[in-house]
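Peer 1: Structure incoming, see below.
The values are calculated or read from the model by the stated rules, or taken from the named source; none is laboratory data. Remember, it's a predicted structure, so these values are computed and weren't measured experimentally. Reconstructed Cβ throughout: ideal geometry from the backbone, glycine too, with neighbour counts over all protein chains shown. All accessible areas refer to the heavy atoms of the entire protein, side chains included, with ligands and DNA or RNA removed. Shrake-Rupley method; radii C 1.70, N 1.55, O 1.52, S 1.80 Å.
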Amino acid sequence: MMEQLKNKNVVLCVTGGIAVYKAVELLRLLQKQGAKVRVIMTRAAMEFVTPLTFQALSGEPVFTDLFNDNTVDASIRHIRWAEDADLVVVAPATANIIGKMAHGIADDALSTFLLAVRSRIVICPAMNTAMYESRAVQRNIDILENDGCLLIEPGVGDMACGTSGAGRFPAPADIVDRILTLMTPKDLKGRCVLVSAGPTREAIDPVRFISNHSSGKMGYAIARAAERRGAMVTLVSGPVDIEPPLHVKLVKVQSADQMKEAFLDAMGDADIAVKVAAVADYRVKNQAEHKIKKTEEQLVLELEKNPDILKCAGQKKRSDQVLVGFAAETQDLKENAVKKLEAKNLDMIVGNLVGGGKGFGTDDNTVTFFFKDGRVESLESMDKDQVAHILLDRILSLHSKGQ
Ligand code: C5P
């Protein structure tokens, strides 16, 4: 869970389209981020999914009607909810509500509420492609964007009406991703952040390789967090099974040699470089050109040392750059981490104990920061996304101090 939506009041405005059922999933995902979500529905939306579904999941009565509502504060609920809202999400947003919002029309509970909102409004249009591309809808969307609403572009693909094109409701997880970005202060704006992540693969022959258990989750979390905070991010990644963060420059590599080239290449433009990748320390000396046959009883592989990419980066580092390494250890964390900090000319190293189910592949991480000036900071076990944000906070203060 990220902090940006924790305890925030979010109002989910559901208008009538076939995608209403996906708004149920969106509600759940917003709650997973710690948001307190209230729901308002139009009459048309209730034709698709009953308010009871949203009521049961949000734990609050769904606001549907300005007048025929017996609850005490019904007549002013649209104002109260608008005042309380930290964020409003209109999803799915029909052509009708987009038109009404653009022109200040308030003729039901939902549109009246929207007029009273002062917080940010996110709109997720979902409709038939021809409707979405119509001049009227595009004109109205322009008006709303000029008014400060955030538009989440609909997806392109097969539509319920049998056609294919723009107008699909985006994946709820992508909507939440964009919302988290919107809600994150842009304190890394204008800075270039370089991150390496994942394992490397060292080929034995054309079909086999040596690698390690790195999942890439920690590095990807740092890249995602930096992008959300406004940085321009380059992510040099070994082979992993996770989705890359949106809007980062992804450079895919396999071997340590390839990672070295990509990382050092990008280093020149970087203000901040974080080397999370678990680089294989050794590679096979004489890679077989063809698949090795199982004819011998014993097979001996000769290994040679890979370049230490971080050490090379440390040698190249300018005084205006901050360079951070990771040290995954199975024992003597402090001693080993501090040694690497010095040997590789780093500003900071993040130590974590791995093995025994810790570190690799998990969503949580328990880390300790070791700084060049001797300071040590141990964090409790937490989500890798949270570790990423705290790490970026510390890096930012080093970078601002010009270290
Ligand atoms: O020396 P060790 O591998 O434990 O150091 C870990 C740090 O060094 C990590 O930040 C890792 O990305 C980096 N490293 C590297 N090139 C290597 C080995 C490690 O950049 N060949």
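Peer 1: Report the residue count in the stretch 47-65 for those that are hydrophobic (A, V, I, L, M, F, W, C), assigned to a helix (DSSP H, G or I) and open to solvent by less than 30 Å² (accessible area, probe 1.4 Å). So that I can check it myself, show each step before the final result.
Peer 2: So in the stretch 47-65, the residues hydrophobic (A, V, I, L, M, F, W, C) come out as 48-49, 52, 54, 56-57, 62-63.
If we keep only those that are assigned to a helix (DSSP H, G or I) too, we end up with 48, 52, 54, 56-57.
Cutting the leftovers down to open to solvent by less than 30 Å² (accessible area, probe 1.4 Å) gives us 54.
Residues meeting the conditions: 1.
Peer 1: Moving on to the next point. For the condition open to solvent by less than 10 Å² (accessible area, probe 1.4 Å) and either among the polar types (S, T, N, Q) or under 23 Å from residue 272 (Cβ atoms) (or both), what is the one hit in 379, 392? So that I can check it myself, show each step before the final result.
Peer 2: On the way: 379 fails: open to solvent by less than 10 Å² (accessible area, probe 1.4 Å).
None of the others qualify; the one that does is 392.
Peer 1: So, of the residues in the stretch 19-46 that are in contact with a strand residue (DSSP E or B) (Cβ under 8 Å, 6 or more places away or on another chain) and in a loop (DSSP other than H, G, I, E, B), which turns out to be farthest from residue 390 (Cα to Cα)?
Peer 2: 42
Peer 1: Scan 340, 334, 305, 384 and give me the residue that is within 23 Å of the chain's Cα centre (by Cα), in the same structural domain as residue 204 (by TED's automatic domain parsing) and within 16 Å of the ligand (Cβ to nearest atom). Can you show your working first?
Peer 2: Details: 340 fails: within 23 Å of the chain's Cα centre (by Cα); 334 fails: within 23 Å of the chain's Cα centre (by Cα); 305 fails: within 23 Å of the chain's Cα centre (by Cα).
Result: 384 is the single residue among 340, 334, 305, 384 that is within 23 Å of the chain's Cα centre (by Cα), in the same structural domain as residue 204 (by TED's automatic domain parsing) and within 16 Å of the ligand (Cβ to nearest atom).
Peer 1: Give 241, 269 a once-over and let me know the one that is over 19 Å from the mean Cα position of the chain (by Cα) and open to solvent by 30 Å² or more (accessible area, probe 1.4 Å).
Peer 2: Working: 241 fails: over 19 Å from the mean Cα position of the chain (by Cα).
Going through 241, 269 in turn, the sole match is 269.
Peer 1: Right, something else. Which members of the stretch 325-341 meet the condition of being modelled with pLDDT of 95 or more and either loosely packed, with under 13 Cβ neighbours inside 10 Å or assigned to a strand (DSSP E or B) (or both)?
Peer 2: If the condition is that a residue be modelled with pLDDT of 95 or more and either loosely packed, with under 13 Cβ neighbours inside 10 Å or assigned to a strand (DSSP E or B) (or both), then 325, 326 are the ones that fit.
Peer 1: Sticking with this structure for a sec: Considering only the stretch 209-290, give the strands (runs of 3 or more DSSP E) lying wholly within it that have at least 1 residues that are touching a residue at least 40 places away in the same chain (Cβ under 8 Å) and away from the ligand (no atom under 16 Å from the Cβ). Working first, answer last.
Peer 2: Details: elements: 232-237, 249-252, 272-275, 282-284.
Counting at least 1 such residues, we get 232-237.
Peer 1: Here's something else I'd like to know. Could you grab me the full set of residues in the stretch 308-324 that are in a loop (DSSP other than H, G, I, E, B), more than 10 Å from the ligand (Cβ to nearest atom) and open to solvent by 20 Å² or more (accessible area, probe 1.4 Å)?
Peer 2: The first filter runs over the stretch 308-324 and keeps only residues in a loop (DSSP other than H, G, I, E, B), leaving 308, 317-321.
Still in the running and more than 10 Å from the ligand (Cβ to nearest atom): 317-321.
Answer for the stretch 308-324, where residues must be in a loop (DSSP other than H, G, I, E, B), more than 10 Å from the ligand (Cβ to nearest atom) and open to solvent by 20 Å² or more (accessible area, probe 1.4 Å): 317, 318, 319, 320.
Peer 1: Would you confirm whether any residue within the stretch 251-262 is surrounded by 17 or more Cβ atoms within 10 Å (Cβ to Cβ) and either at positive phi or not aliphatic (A, V, I, L, M) (or both)?
Peer 2: Checking the stretch 251-262: at least one residue is surrounded by 17 or more Cβ atoms within 10 Å (Cβ to Cβ) and either at positive phi or not aliphatic (A, V, I, L, M) (or both).
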